[in-house]
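Report on the structure given below.
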Amino acid sequence: MDFFEVVNARQSMRSFSDTPVEAEKLHKILKTANAAPSAGNLQGYEIYLVTKAEQRVALVKAALGQEFIVEAPLVLVFCANPARSAVWYKERGIRLYSVQDATIACTYAMLAAAALGLATVWVGAFEEEPVRQVVGIPPELVPVAMLPIGYAGKKPKKTPRRELGDLVHEV
C-alpha cells in the first residue's frame, strides 16, 4: 500500500483474531516507531512490549474494562521519558515534548501495523498507576498510550470525519 492507502485503510479495531503476529512484522513496527521524529532527536520515550496473557488481562482492568485489549496478541505501551527531553528543552521538554515524542512514535507504529495488514486501536483511557505496576514501568516514566496489535476480528463500519471547512481555519 502507498501511504495514503494506509491512512485511509487504518481503522480503530476493537476485535482481534487469535492469529499471532509474526516476529518480522513486530520488528518492522518497532523499527518504524524508532524512526519517528522527536524533539531534538532525543527520542524522549520508551516502548514496553506486552505479550503475556495475564498481563494483558491486568491491562484490561487498568483500562477501565476495555476487553479487546486481551484479545490482541500483543500490546505496546508508549511512555514519555521526560528526563531525555529535559536535557535540551528543560520544562517544555518535560511537560510537552516527551509526550509528543511518545505519541508520534505510537502513531508511526500504528501506521506501520496497518501497512503490514495488522489492526490496532489507540488506548488512552487507563489508570496510570495500575498500568505502571502491570508492565513494570519506573516512576520517572509516564504511560501515555497503549496500542493493542493483532489481526482484525470483526471489522467495524467506517466512521465519518469532520469536513475540512469545519476543521481548517485559514488565518
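Laid out as a table, the results:
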read-out: Value of [θ]222 nm, deg cm²/dmol, for the chain, DSSP H segments ≥ 4, -39500 (n - 2.57) each, nearest 500; value: -12500 deg cm²/dmol
read-out: Length-normalised contact order of the chain in % [C-alpha pairs under 8 Å, at least 6 apart]; value: 33 percent
read-out: DSSP bridge orientation in the chain - percent antiparallel, rounded to nearest 5; value: 95 percent
read-out: Net charge dipole size for the stretch 10-101 [Lys, Arg +1 and Asp, Glu -1 on Cβ; Debye, nearest 20]; value: 320 debye
read-out: The chain - Kirkwood radius from inverse mean 1/r over Cα pairs (Å); value: 16.7 Å
read-out: For residue 81, net neighbour charge (Lys/Arg +1, Asp/Glu -1) across residues whose Cβ lies under 12 Å away; value: -2
read-out: 10 Å-binned pair-distance histogram of the stretch 32-84 (Cα, whole percent); value: 23, 40, 28, 9
read-out: Integer Hz, Karplus 6.51/-1.76/1.60 couplings in order for the stretch 156-163, x for Gly and Pro; value: x, 6, 5, 8, x, 10, 5, 6
read-out: Span-like helix ranges in the chain, DSSP H, alpha carbon extent 24 angstrom or more, Kyte mean at least 0.5; value: 98-115
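None of the figures in this text is laboratory data; all of them are computed from the coordinates on show. Note that the structure is predicted; figures quoted are calculated from it, not measured. Heads up, the Cβs are rebuilt from the backbone with ideal geometry, glycines too, and the neighbour counts pull from every protein chain shown.
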